[in-house]
Amino acid sequence: MKNKFAFCRFLFQLHKRSFLICLFLLIPLFSSFHFNFSFAQDFGLGESDSWTIRASNQLEYSSDRKTHQDIFHNWTDLDLTYGNYKVNLRYEAHQPDDWGQTWQKLSFRNLQLSNEFFNITAGNYYVIFGRGLILRSYENRDLRHDNNLDGVRGTIEFEGFNLTLLGGTAMGKYERLDDPLHAADGKIAFTDWMTLGGSYLRTNITDFGLVRLFGGNASVSLPHVDFYAEYAKKDNPPGKYIPDDGKGIYLSTNIYTAGMGLALEFKDYDKFDFTNPNQNVALNNPPPLAREHMYTLLNRHAYVPDLIDERGIQAELTSSPLEQVSLLANYSYTAERKDKFCFGKLLFSEIYGELEYDYKDMATLKGGFSRQETKQEEGDPVRLAPVLDLVYYLSEANSVNFVLEHLYTQKDYDEKLDGYKRTYYDQILSLSFSQSPTGSITLTHERTTEWKIRERWSGRKDWLIATLDLAMGENHNLSLSVGSRPKGKVCAGGVCVDKPALDGWEIKLLSQF
Amino acid sequence: MFAGSKFVRSLFSKVLFTFFITCLLVSYAQGAKKILKAPNFSAPNLNGKKVELNTLLQEGPVLISFWATHCKPCIKELNQLQKLYPDYKKKGFEILAVDVDGPRSVSRVKSKVKGLKWKFAVVFDTNRDIYRKYHVLGIPHTVLIDRGGNIRYTHTTYRSGDEKIIWKKVDQLFNEQKEASEEKEGKDSEK
């Protein structure tokens, strides 16, 4: 008993906020961990009337010995369900966040009432209309992106009919926007193979005026082929930060047979940026039509869409001609708009190919090659990137993985401005040993020769980091990294952020309760 | 904000303490019997038709695998699971691959799935509603659910050989099912 009080004192001696974080973690422990007691047994209610508590925690902590900076991020999510009612809570702590601010708060909370036909949410929520041309509110923790809406949302759904009505204010980079938005989105499935939908949104932006977006979408699914089309229009007050009204078109089709699939996409965005200027929050997120890569170096230079003026296409072919072989080919091209249907000045293009070969369950060999050309960066770089990925299976549970990523860059620009093209390369070599289900250990070496094109280069040329990943039971995953890695872009869904360099150690702990 | 300051000590205590609590939970989890119910959901499949988890569970156990087209280990895992899937499908087992690609990649999912010859059901979770419902923190993430709708196994990340553990767990579920039906038959014959 005495020990218990000592433990409580220890808890209170800790920072109040850490105590709150820990409390969230303790709740599931003291509530029988995997908590699901049934009122049906105790009070004779229906089988569905039972409390369920679920929780998860994501912790990231890094300490840089060079800059002496410690960064701590923690997200604790908790939901309580009782019959048709559900409460979602999230407590976040960032010390500091990616913009240097230290904060912790209950960042997400809502109450939901739902059954198979309807859902009413009061509080924070995420939503997407169509492919995100008109509205997309979402969270991506890797990018520290969270533009959740705070308000009320109602959804009705039955027999192929779906209607969503919502109102609320979006979360900005630092705080919630003052400008409420109201929107509606509906969808009707006329037949098994055809669906039609429409969306409408209006918001009055402070110091700007009324912005309205509306549009429609259609999808058709036939044997071996399907189509999706979405058109949206934006009404803007004239003479402000975007001079005229805008529009966005997105088309896609899939053509496939067994063992082969071809996806074709088209985009046309004209003054279609829908960003609240007060906190620079983008409220729509249309498809950028550029490939999201599996490898670090390729993904570091992903295309960031320019919704003011761009038109583009993308084609991707996936095929498994033999049981052991799979192929992937991708081509994407984005340019400025020219006239009604033509492409103007190139903004970004990439051609990517990948071949994977499975050798008798003993090894898997993958080779890839990318050629990227972008006008988004200084020097209009052209990048060539071969990738080699080899997995050798030592036994049923043990394997060794070797990855080589090489990125050769050619730029027009350099600090001497002598008009000559300059070249350099970045390279990542990684070797990992993994044992199922225990964990893996990875050694990653990165090097750059970018210093060759710079007059002054005070930074590093080589980085080395060791990472230990451990599965702790079924519900916890620990990742510990020691060493150094360069700063670089992390991109997803056409949104990129710069991640700081690390020279020290980092711990990540993912827990589900 | 820097080393030696109260702030850093506070941070360090946070990390240590959270880690300590997590270790406690882990040890507790090892001995705890899971009775967590899998939240029901419905989501559109590749042809736009709604697939409901509870409907699939009427046929037998379901393995939910959260994946995305840009996730290398996710595709490796699903390729491995595909190899034995037809055998288990005959027994009533189902794999539900929940695609969490955003609008950027969602159009290419169907061609990818067809190209890789995956036979199991694939549904879209474009704005990650199911992902949040299951408190997924990273992909690949797999959840094995028994016929009664109870979560029996969860796993994040994929390492070569993890699929063997999944198949063992699935076999275990079928054995339990078999034992339960034999027990029931025995009781019925006694009566």
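One table, with the values for the structure above:
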{"read-out": "Value at 222 nm in deg cm²/dmol, rounded to 500, when DSSP H runs of n ≥ 4 in the protein assembly as shown each add -39,500 (n - 2.57)", "value": "-5500 deg cm²/dmol"}
{"read-out": "Length added when fully stretched, residue A:142-residue A:497, from 0.36 nm per residue minus Cα-Cα", "value": "126.9 nm"}
{"read-out": "Principal axes of segment B:96-153: Cα extent on each, largest first, Å", "value": "33, 24, 15"}
{"read-out": "10 Å beta-carbon shell around residue A:55, net charge (K/R +1, D/E -1)", "value": "-1"}
{"read-out": "DSSP loop GluC sites (Glu not before Pro) with at most 16 other Cβ within 10 Å excluded, longest remaining stretch of chain A", "value": "A:176-322"}
{"read-out": "Charge sum, other residues only, whose C-beta stays under 14 Å from residue A:163's C-beta, Lys/Arg counted +1 and Asp/Glu -1", "value": "-1"}
{"read-out": "Over segment A:336-399, relative contact order from alpha-carbon pairs under 8 Å, at least 6 apart, %", "value": "27 percent"}
{"read-out": "Alpha carbon centroid spacing (whole Å) that separates segment A:66-96 from segment A:320-381", "value": "37 Å"}
{"read-out": "Total charge dipole magnitude, segment B:42-190, about the Cα centre, Cβ charges on Lys, Arg, Asp, Glu only, Debye to nearest 20", "value": "1000 debye"}
{"read-out": "For segment A:47-151: span of alpha carbons on each principal axis (Å, largest first)", "value": "57, 37, 19"}
{"read-out": "Dipole axis of segment A:309-360 (+1 Lys, Arg; -1 Asp, Glu on Cβ), positive-most option in A:315, A:349, A:335", "value": "A:335"}
{"read-out": "Rg/Rh ratio calculated on Cα atoms of segment B:42-190 (Kirkwood radius)", "value": "1.00"}
{"read-out": "Order of B:66, A:341 under a 10 Å beta carbon neighbour criterion, fewest first", "value": "A:341, B:66"}
{"read-out": "Charged-residue dipole, Cβ positions (Lys, Arg, Asp, Glu), chain A about Cα centre, Debye nearest 20", "value": "1340 debye"}
{"read-out": "Inter-chain Cβ neighbour average for residues B:129-135, partner chain, 10 Å", "value": "5"}
{"read-out": "Between segment B:92-118 and segment A:127-185, the alpha-carbon center distance in angstrom", "value": "24 Å"}
{"read-out": "q = 0.07, 0.09, 0.12, 0.14 Å⁻¹, chain A: log10 I(q)/I(0) [Debye, one scatterer per Cα]", "value": "-0.49, -0.85, -1.51, -1.69"}
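Readers should treat all values here as calculations from the given coordinates under stated rules, not as data from a laboratory. Worth saying up front: this structure is predicted, and the values here are computed from it rather than measured. Positions of Cβ are backbone-derived with ideal geometry, glycine not excepted, and every protein chain shown enters the neighbour counts.
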